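Below is one structure, written out as structure tokens; the observations come after it.
The values are calculated or read from the model by the stated rules, or taken from the named source; none is laboratory data. The structure displayed is predicted, hence computed values, not measured ones. Positions of Cβ are backbone-derived with ideal geometry, glycine not excepted, and every protein chain shown enters the neighbour counts.
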């Protein structure tokens, strides 16, 4: 069983079905959860640059107001967010190394009564100096075909990569020609409004591109969390390198829960940060390290109990156990799968259950658990401020 499935299994193990009686000490009914509480507003950080060129952030272009203006709504309890240049990511050795674009994505609701998958919107952006030559050429506008202009930004609809996929490419509207954009709509036939909604998305995206590069949006949660969410503050590049013995690829991925999710009959929000090493396609896969924070509305006692139940379950099933050097008051760890390597450590701090997960085929078993636990100690200190 992978570490990503453990928490879900624990929820089932402790009687999470709404049809079952709640365990002792838990509320008899699932509390009302709020589906749309994440607040998004323009960020105040300086505009990012790489090697002297401005870097667009896709999440500052495909903003929530653009999606809403197109007549679309996020799916209930959606996760939103994407990648950005990491602090300290303006490193000369990264030039031409990025195969994966800086991206931002979200799933939107399909029309009422329609089955199947929810449509997904993904906006990707590449920087000419940071991206690999192949990735840059793949994202550039076609030399032939129909190219339109909106708000001074040129764009073209491309052939989709799937039977139900629409792709639109954009230039940067005269902002130095250093950035290229691609909007992909998956399960397009299920998108409310269809072509009309797509036209409105293109209008909003081109308007934001024309306005020039901006910093990432600031995201926050209201009471009882009262949190300006900066998930990657818990995972600076130096912690990634301490765990993996590798430098990062210069990017970081931040994911935010749009609403509350009930876990073990308790409301919580979830924020996540991930980092990766440089892609080495010849010798090995990239290593990745993820810190996921599940923050409970009812406070520290509930979070501690959730961590304890999770660790007890893992020990009972022989999946993991206590750490040689505990992290905080409640913690445990489990090795990853034999093929993928890595390990996962859980610990409690305040109203938060923290999961630190390493995927790396260069370290496995208990040595991997010990290494991730060392990183978790540093993460605990960063969060305990």
Item to complete: State the number of residues belonging to the stretch 166-201 that are under 13 Å from residue 140 (Cα atoms) and out of contact with any strand residue (DSSP E or B) (no Cβ under 9 Å at 6 or more places or on another chain).
Response: 1
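May I ask you to verify whether residue 135 is without any contact (Cβ under 8 Å) to a residue 40 or more places away in the chain, surrounded by 17 or more Cβ atoms within 10 Å (Cβ to Cβ) and not in a loop (DSSP other than H, G, I, E, B)? Talk me through it step by step, then tell me what you get.
Details: without any contact (Cβ under 8 Å) to a residue 40 or more places away in the chain: yes; surrounded by 17 or more Cβ atoms within 10 Å (Cβ to Cβ): yes; not in a loop (DSSP other than H, G, I, E, B): yes.
In short, yes.
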Discussion item. Suppose we filter the stretch 66-94 for residues that are touching a strand residue (DSSP E or B) at 6+ places or on another chain (Cβ under 8 Å) and surrounded by fewer than 16 Cβ atoms within 10 Å (Cβ to Cβ); how many remain?
Written reply: 1
Worksheet item: Here are 47, 61: which of them is closer than 17 Å to residue 251 by Cβ, surrounded by fewer than 17 Cβ atoms within 10 Å (Cβ to Cβ) and touching a strand residue (DSSP E or B) at 6+ places or on another chain (Cβ under 7 Å)?
Response: 47
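Yes/no per residue for (1) in a loop (DSSP other than H, G, I, E, B); (2) modelled with pLDDT of 80 or more; (3) farther than 30 Å from residue 211 by Cβ:
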position: 27; (1), (2), (3): yes, no, yes
position: 30; (1), (2), (3): yes, no, yes
position: 33; (1), (2), (3): yes, yes, yes
position: 40; (1), (2), (3): no, yes, no
position: 44; (1), (2), (3): yes, yes, no
Worksheet item: Hey, which of the strands (runs of 3 or more DSSP E) in the stretch 201-308, taking only ones fully inside, have at least 2 residues that are buried (at least 21 other Cβ atoms within 10 Å of the Cβ) and on the phi < 0 side of the Ramachandran plot?
Response: 218-221, 251-257, 266-276, 288-296
Fill in: Filter result (over 21 Å from the mean Cα position of the chain (by Cα), at pLDDT below 95 and not in a strand (DSSP E or B)) within the stretch 341-368
361, 362, 363, 364, 365, 366, 367, 368
Practice prompt. Give 108, 128 a once-over and let me know the one that is within 11 Å of residue 50 (Cβ to Cβ) and buried (at least 19 other Cβ atoms within 10 Å of the Cβ).
Written response: 128
